[in-house]
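Here the structure is laid out as structure tokens; the discussion comes afterwards.
The values are calculated or read from the model by the stated rules, or taken from the named source; none is laboratory data. Keep in mind it's a predicted model, so treat the numbers as computed, not measured. Positions of Cβ are generated from backbone atoms using ideal geometry, with glycine treated the same way; all protein chains shown enter the neighbour counts. Keep in mind that these areas ignore ligands, DNA and RNA; they rest on the heavy atoms of the full protein, side chains included. Shrake-Rupley method; radii C 1.70, N 1.55, O 1.52, S 1.80 Å.
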Amino acid sequence: MKMLATQTAGLLQRLAKQEEAVEDTARVLAQAAVGEGNIFLAAFGEMKAVVETALNGVEPLASAVDWKPDSILTSADRVWILAPNDEGDELAGRLNDAGIPFAMVTGVARELEADAFISLGISKGLIPTDDGGRTLVPYAMGALFIYHAVKLIIDEMLAE
């Protein structure tokens, strides 16, 4: 239990250092919330936990809706792609082609043309195993941490 707590604390500390990227993400998404657009949450895999929190949590995210492949987007909308690996890359390409601003959170950094990008820096599990591998890959935990940081900033912007 102590190792899990230590490794989790380290992950959250690393994510907290991405303050500028978190602020950029909040600015991109807030453009929809202050205007007449929606914040479409396009989450993949276990990062769908962010959608559940944003839509049905105690304090929902203003203007948030669950993105579906048949969602119709306008220039007032923004999209937040949350993907452990490359699951959101095709959507990112289509959004770039359509000129719709979007932010992205992925497990590992890579070259993408997002308006705001955050890498969780998770390429392997947190906990070493007896056979030399690693287990417990906390994509959802990292994404929820980033979500709450972004939401705090958006809420502050909307209150002004």
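Only a single criterion out of (1) out of contact with any strand residue (DSSP E or B) (no Cβ under 7 Å at 6 or more places or on another chain); (2) of a type in the set (D, E); (3) in a helix (DSSP H, G or I) is not satisfied by D24, namely (1).
Filter the stretch 29-52 for residues that are aliphatic (A, V, I, L, M) and closer than 24 Å to P84 by Cα and give the result.
If we filter the stretch 29-52 for residues that are aliphatic (A, V, I, L, M), which is where we start, we get 29-30, 32-34, 39, 41-43, 47, 49-51.
Within the stretch 29-52, L29, A30, I39, L41, A42, A43, M47, A49, V50, V51 meet the criteria.
Screening E46 on (1) closer than 30 Å to R134 by Cα; (2) among the charged types (D, E, K, R); (3) not in a helix (DSSP H, G or I) shows it passes everything except condition (3). Here the condition is being out of contact with any Leu (no Cβ under 6 Å at 6 or more places or on another chain) and surrounded by fewer than 21 Cβ atoms within 10 Å (Cβ to Cβ); of A149, A114, A83, it holds for A149 alone.
If only residues of the stretch 20-47 that are in contact (Cβ under 8 Å) with a residue 60 or more places away in the chain and closer than 22 Å to S123 by Cβ are counted, the one that is most open to solvent (accessible area, probe 1.4 Å) is E46. Among the residues of the stretch 80-131, those identified as in contact with a helix residue (DSSP H, G or I) (Cβ under 8 Å, 6 or more places away or on another chain), under 15 Å from Q18 (Cα atoms) and not in a loop (DSSP other than H, G, I, E, B) are A103, M104, V105, A116, F117, I118.
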